[in-house]
1. Specify the residue that is most open to solvent (accessible area, probe 1.4 Å); the eligible residues are those in region 181-214 that are hydrophobic (A, V, I, L, M, F, W, C) and more than 22 Å from residue 41 (Cβ to Cβ).
2. Could you tell me which of the residues 156, 239, 184 is assigned to a helix (DSSP H, G or I) and away from the ligand (no atom under 16 Å from the Cβ)?
3. Only one of (1) in a helix (DSSP H, G or I); (2) more than 16 Å from the ligand (Cβ to nearest atom); (3) under 24 Å from the mean Cα position of the chain (by Cα) is not met by residue 431, so which one is it?
4. Go through the residues of region 368-388 one by one and say whether even a single one is touching a His at 6+ places or on another chain (Cβ under 9 Å) and within 16 Å of the ligand (Cβ to nearest atom).
5. May I ask you to list the residues in region 153-175 that are of a type outside the set (A, V, I, L, M, F, W, C), touching a residue at least 12 places away in the same chain (Cβ under 8 Å) and more than 17 Å from residue 124 (Cα to Cα)?
6. Among strands (runs of 3 or more DSSP E) lying entirely in region 68-117, which contain 1 or more residues that are without any contact (Cβ under 8 Å) to a residue 12 or more places away in the chain?
7. Regarding residue 218, is this residue in contact with a Leu (Cβ under 7 Å, 6 or more places away or on another chain), over 22 Å from residue 106 (Cα atoms) and at pLDDT 95 or above?
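The values are calculated or read from the model by the stated rules, or taken from the named source; none is laboratory data. Computed from a predicted structure; not experimentally measured. Here the Cβ is made from the backbone with ideal geometry for all residues, glycine too, and neighbour counts use every protein chain on show. With ligands, DNA and RNA removed, areas are computed over all heavy atoms of the protein, side chains included. Shrake-Rupley method; radii C 1.70, N 1.55, O 1.52, S 1.80 Å.
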Amino acid sequence: MRLDAMIRKRGPIKKIGVLGMGYVGIPAAALFADSPVFDFVYGFQRDSSSSGYKIAMLNRGESPLKGEEPGLEDLLKKVVAAKKFACISDFSRIAELDAVTLSIQTPFLNKEDLLPDFTALMEGIKNVGLYLRPGMLVVLESTITPGTTIGIARELLEKESGLKAGVDFALAHAPERVMAGRLLRNIREHDRIVGGIDKVSTRRATELYSPVLTLGKVIPMSATAAEVTKTTENTFRDLQIAAINELALYCEAMRINVYDVRTGIDSLKGEGITRAILWPGAGVGGHCLTKDTYHLERGVQMLGKDLLDYPKGEPSLYVLARRINDFMPTHMFHLTLDALNRAGRSPQGAKVAILGWAFLANSDDTRNTPPEPYRDNLIKAGATVCVHDPYVKEYPGVPIFQNLEESLKGADAIVLFAGHDLYKNLDPNHILTLSGKAHPVIIDGRNMIDPDLFIKQGFIYKGIGRGDKNMHKIF
Ligand code: SAJ
């Protein structure tokens, strides 16, 4: 029997499974469960020592995700109370479902060799393959190297199940597009890219996602095009950030203010002119922009190496952008050394207070956070470093101060790394008193402070892109 006939016989999607109870899987499962179109949703979580605790929490309707996630806990309580959602670790229950999605981390093992670490994803796919039944739909939501869905994912599902993709079961890629702090809203309101390995798979996956979309709509395409869309949208964002970061470095060297230039460039509007000019800063962190470029690069190496027509010997523009953004924490280190030097001191024995450990403003997300390599450099240079963050409670090997004043006491340098709202109204006089130094250093990596307010109080200021201020007269 052909797949579309098999699916028609199976009927509409009623029972769903979501593998991977993290930032992507939990809100997705809750929204599927909350939809009147679907009867029941299992959230699958390995009962491991590191993350098994999530199972009991979720079944109590509690969110194990750190940080503010508006509406998520209420929705979890609602779908658990309604007996429409349960979290389990028994993968054999997959056999009774109509559709399964996988939202499992896909970090990179080695960026130089473009080697992703698909261990966790492949384990998830294997578990699905073991219990896959004819007529089921499998969707990969994780960000993956282009070619993965029709390649190793399909092969492993077929090997474990003995079934054939596009013949016995439907297979698609529908990449997540969520950001910490607005998970539910992003899933409901962003358009959903849905890429099936064939038309039947795209149609079945569209049936799965349409009920949870409010403002968003489904954008159908092939599985590989969907993989390229996702990896590229993050690569282009990273490229745009690298472009403004490079401009910021240039403006420092030319002793002008990058924000004046940015305002100028941004003013050119109308006549279809769009200027997606982003913001320079102390670095690009997170689980997405820091790796998706490499997924795209690996994809073109795997799928198009022999066909690619590219200027001989020239590096990938996208990888260069990654390197520029990865350089920004080092640039913050150089600014700190220069400023300490202006204050007549070396980093050896200096006390440096880092304000903001999260990679994103007003979030507690610390994945690939930019201040970490900066802190490592300072410690290697003999400095004492303390870290303050109002959202991040703990971090392996890095004590996090919750009390801002404590972190500033005796500081030779104060370094703004994350744009948390709390740091918008720092009081130079108060910090001067806490520091107890004649000329404390302040490094602004997120354009949070008014340089003059601090310079006039005797601070030695350096800011990303502030060539107009970085060599100011010392008061
Ligand atoms: N950043 C800058 N300048 C900017 C914007 C961001 O330096 O103008 C820095 C941030 O400080 C942060 C990093 O870049 O360290 C990433 O910030 P982000 O705002 O891109 O946050 P992510 O990585 O959580 O979200 C991105 C988003 N992708 C796009 O907008 C194309 C989000 O929509 C994706 O869902 C997410 O990646 C993902 O999961 O892929």
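1. Here the answer is 197.
2. 156
3. Failing condition for residue 431: (3).
4. The answer is yes; a qualifying residue exists.
5. Scanning region 153-175 gives 166, 168.
6. 108-110
7. Spelling it out, it is not the case that residue 218 is in contact with a Leu (Cβ under 7 Å, 6 or more places away or on another chain), over 22 Å from residue 106 (Cα atoms) and at pLDDT 95 or above.
Residue by residue, here is whether (1) more than 25 Å from the chain's Cα centre (by Cα); (2) buried (at least 20 other Cβ atoms within 10 Å of the Cβ) holds:
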residue	(1), (2)
328	no, yes
338	yes, no
357	no, yes
371	no, yes
374	no, yes
382	yes, no
393	no, no
402	no, no
